[in-house]
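Asks: Sending over a structure as structure tokens; questions will come in a sec.
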Amino acid sequence: MKVLLCSMPDTVPQFSAKTWRAPNLAISSLAGNIQPHHEVALADLVLKRTTLLPSLKKAIEDYQPDIIGLSAMTFQFDTARKIAAFIKSFQKEIKVAVGGYHATLLYEEIASSEDGNPFDYIIRGEGEETFHDLLDAIEGKRDWQDVPGLSYRQNGGFLHNPPRPLQDLDNLKLPRRDTRIWKGYLFSGKGLDMVETSRGCTMTCNFCSMNRMYGRTFRTYRFERIMQDLANAKKCGAKYITFSDDNITLNVKRFESLCDAIVEAGHNDLRYIVQASTSGIASSPALAQKMKHAGIQIVFLGIENVSEKNLKIMNKGNMLEKTKKAIEFLHQNNILIVGGMILGHAEDKEEDIAQNFEFFDKANIDFFGEQIITPYPKTGMRDILIKEGLVTNAADYRKYNGFWANVKTKHLSSEELQFLRWKYKRKYSTFFKTTPVFKANFAMVNLVRIFILRPYYRLKNFIISFGKSEHDIFKRDMKKFADINKFF
């Protein structure tokens with residue numbers, strides 16, 4: 001059979017599609033683990049945002065797939081549904097499967113509503129073995145009821161097979177990057193790819209839906225396999241690698257050994273982006289040094305919040321001192337920090353929002369990764385917020401990307417929360433401030449910023465904002481962000 005696997009074009013507003021275009025690792029891994037007699041192609045639709053439907057239609061007409069798989073996160077699901085309907089509008093015979101976090105968490109709701117109409121199959125949980133077995137079932141080599149993790153159509157509805165046990169990572173083959181039909185993956189103008197070294201997280205953060213995907217487990221790949229994966233990504237043009245691990249610092253000694261293995265294998269010529277916990281980084285002064293030697297340049301650091309009461313609400317504990325130590329260790333080694341910040345907790349007032357931005361500013365956090373708390377489906381945080389009457393958008397998942405305010409606090413409306421996030425991000429913008437570590441990593445870029453970009457944008461902002469109030473400017477910016485994922 002011919003198989004076409006697609007990721008969605010929707011992006012988080014905080015990430016510019018011009019500077020960050022990442023391949024979808026999930027579909028690459030599915031492609032690497034299907035039977036070799038099938039033909040497979042990968043279409044990362046983030047590369048075709050401005051020509052979405054014509055590009056997709058041409059790919060389908062050129063490739064003539066028998067089955068198309070769509071991978072979607074929660075905020076992307078509406079786009080996946082519309083794309084599936086678009087496919088069926090001119091190629092009814094093509095089977096369409098949907099998978100990913102949203103399909104896994106809400107498969108029963110999808111199957112029992114109009115949302116499920118354009119789909120033939122729902123892949124739940126990790127997809128490599130399930131999709132592999134689905135292809136066998138389509139070819140008549142396996143009974144439909146013998147495919148764990150699959151929901152499939154029968155008698156006008158969906159039947160849901162039992163869930164599939166967690167994947168043994170030792171059995172997974174490498175992703176198939178050679179089957180991508182378009183090029184253009186990049187970060188800051190250089191080739192970007194995704195690699196994972198582990199799956200899962202054992203922490204109890206109640207705003208995260210990861211435990212519904214993997215349970216509270218932590219599984220790791222062998223270092224030999226990781227080095228092969230890095231070599232493959234390099235061969236395909238990568239200069240930057242993002243480790244997509246849910247919590248790579250869960251086992252600090254393993255992460256230190258991984259850094260050593262990267263150096264020993266000669267893959268420290270790449271530059272790496274990782275997501276890490278403050279407690280993990282703070283636990284070992286040696287870790288940040290090893291990260292630097294391995295080529296890790298950017299860390300998304302889960303600071304989350306600097307309020308003790310808010311950390312307690314998130315089941316994060318009092319970790320402010322660990323946060324300060326983690327920042328110190330990373331900056332001592334010239335590693336850039338994207339500070340993860342979660343705003344919009346039940347008791348938040350304006351001073352609480354300001355406190356977080358002021359802390360980030362004084363700590364010289366290099367980039368702000370601020371989000372408004374989102375009541376993701378099936379999370380403990382959603383249950384708490386709904387019970388307290390603080391969820392203002394319970395059903396329009398298109399805005400569930402951390403940028404939009406889907407909640408209110410006991411003191412701030414959704415609109416006020418959205419405004420304050422914008423106001424303080426604008427006030428403390430790291431674009432108009434040079435941190436020491438940014439300057440050390442990007443000296444030439446910083447000069448371009450100082451002498452060209454900053455004067456240009458200051459003048460531009462002055463001209464387009466002349467005579468307008470702060471709220472006028474806010475509304476203009478929100479209108480711009482509201483339109484970035486409109487494809488239909």
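Asks: If you roll a 1.4 Å probe over the chain with all protein chains in place, what percent of the accessible area is carbon or sulfur? Each step should come with its number before you reach the end.
Replies: Numbers: 11250 of 21560 Å².
C and S fraction of accessible area: 52 percent.
Asks: Right, another one. For helix 320-332, report the angle its Cα long axis makes with the longest principal axis of the Cα atoms of the chain; keep it between 0 and 90° and round to the nearest 10°.
Replies: Computed tilt is about 90 degrees.
Asks: Tell me the Kirkwood hydrodynamic radius of segment 1-104 in angstroms, computed as one over the mean inverse distance between distinct C-alpha pairs. Show your work: numbers first, answer last.
Replies: Working: mean 1/r = 0.0714 Å⁻¹.
Kirkwood radius, segment 1-104: 14.0 Å.
Asks: What accessible surface, in Å², does a 1.4 Å probe find on residue 204, ignoring ligands, DNA and RNA and rounding to the nearest 10?
Replies: My reading of the accessible area for residue 204 is about 70 Å².
Asks: From the residues 75, 6, 320, which one has its Cα farthest along the dipole of the chain in the positive direction, the dipole being from +1 and -1 charges on Cβ of Lys/Arg and Asp/Glu about the Cα centre?
Replies: The residue sitting most towards the positive pole is 320.
Asks: In addition: In Å², what does the accessible area per residue of the chain work out to with a 1.4 Å probe?
Replies: Averaged over the residues of the chain, the accessible area is 44 Å².
Asks: Could you tell me whether segment 146-216 comes out rounded, prolate or oblate from its Cα gyration tensor? Rule is a ≥ b ≥ c as square roots of the eigenvalues, rounded for a/c under 1.5, then prolate if a/b exceeds b/c, otherwise oblate.
Replies: oblate
Asks: For the chain, give the magnitude of the charge dipole about the Cα centre (Cβ charges: +1 Lys/Arg, -1 Asp/Glu; no others), in debye to the nearest 20. Write out the running numbers ahead of the final one.
Replies: Details: 69 positive and 56 negative charges, 339 e Å.
Dipole size: approximately 1620 debye.
Asks: Also, quick follow-up: Could you report the accessible area of residue 57 in Å², rounded to 10, computed with a 1.4 Å probe on the protein chains as they sit in the structure?
Replies: 80
Asks: In vacuo Debye scattering of segment 210-335, one point per C-alpha: log10 I(q)/I(0) at q = 0.17, 0.19, 0.21 Å⁻¹?
Replies: -0.91, -1.09, -1.25
Asks: If the reach is capped at under 18 angstrom between alpha carbons, list the lysines near residue 433, excluding any in the same chain fewer than eight residues apart.
Replies: Of all the lysines, those that pass the test against residue 433 - Cα under 18 Å, at least 8 places apart if same chain - are 362, 423, 425, 460.
Asks: As a check on your grasp of the helix formula, calculate [θ] at 222 nm for the chain: sum -39500 (n - 2.57) over DSSP H runs of n ≥ 4, divide by the residue count, round to the nearest 500. Present the calculation step by step, with values, prior to reporting the outcome.
Replies: Numbers: 20 runs with 192 residues, N = 488.
Calculated mean residue ellipticity at 222 nm is -11500 deg cm²/dmol.
Asks: Further question: Using a cut-off of 23 Å between alpha-carbon atoms, which lysines can reach residue 173, once sequence neighbours fewer than 8 places away in the same chain are excluded?
Replies: 2, 141, 183, 234, 235, 239
Asks: Please work out whether segment 389-488 counts as rounded, prolate or oblate from its C-alpha gyration tensor, where a ≥ b ≥ c are the square roots of the eigenvalues and a/c under 1.5 means rounded, while otherwise a/b larger than b/c means prolate and anything else oblate?
Replies: Working: a/c = 2.07, a/b = 1.78, b/c = 1.16.
Taking the square roots of the gyration eigenvalues as a ≥ b ≥ c, segment 389-488 is prolate.
Asks: What do the square roots of 5 times the Cα gyration tensor eigenvalues come to for the chain, in whole Å, largest first, as semi-axes of the equivalent ellipsoid?
Replies: Calculated on Cα positions only, the semi-axes equal 36, 27, 24 Å.
Asks: Hey, what's the Kirkwood Rh for segment 50-185 if you take every pair of different alpha carbons, in angstrom? Mind dumping the intermediate values first?
Replies: Working: mean 1/r = 0.0632 Å⁻¹.
Result for segment 50-185 stands at 15.8 Å.
Asks: Roll a 1.4 Å probe over the protein heavy atoms and report the accessible area of residue 472 in Å², nearest 10.
Replies: 70
Asks: To the nearest 0.05, how large is the calculated FRET efficiency for residue 472 and residue 446 if R₀ is 35 Å and r is the Cβ-Cβ distance? All intermediate terms of the calculation are to be shown ahead of the outcome.
Replies: Values: r = 32 Å, r/R0 = 0.90.
Efficiency, from the Cβ-Cβ distance: 0.65.
Asks: Compute from the Cα atoms of segment 329-396 the Rg and the Dmax, the latter being the longest Cα-Cα distance, and quote both in angstrom.
Replies: Both quantities, over Cα of segment 329-396: 15.2, 45 Å.
Asks: Pairs to check: 48/95; 92/486; 378/479; 57/95. Give those whose C-alpha atoms are more than 19 Å from each other in this structure.
Replies: Values: 48/95 22 Å; 92/486 25 Å; 378/479 30 Å; 57/95 15 Å.
Those over the limit are 48/95; 92/486; 378/479.
Asks: Further question on the same structure: Does segment 1-59 classify as rounded, prolate or oblate by the C-alpha gyration tensor (a ≥ b ≥ c root eigenvalues; a/c under 1.5 gives rounded; else a/b over b/c gives prolate, otherwise oblate)?
Replies: On the way: a/c = 3.76, a/b = 1.66, b/c = 2.26.
Note, shape of segment 1-59 comes out oblate.
Asks: For segment 35-74, what size does the Cα cloud have along each of its three principal axes, sorted from largest down, in whole Å?
Replies: 34, 27, 14
Asks: Any idea what angle helix 454-465 forms with the longest principal axis of the chain, computed on alpha-carbon atoms, 0 to 90 degrees, nearest 10?
Replies: Around 90 degrees separate the two axes.
The values are calculated or read from the model by the stated rules, or taken from the named source; none is laboratory data. Note that the coordinates shown come from a computational prediction; the quantities given were computed from them, not determined experimentally. Neighbour counts run over all protein chains shown; Cβ positions are idealised from the backbone, glycine included. Surface areas here come from the heavy atoms of the whole protein model, side chains and all, with no ligands, DNA or RNA. Shrake-Rupley method; radii C 1.70, N 1.55, O 1.52, S 1.80 Å.
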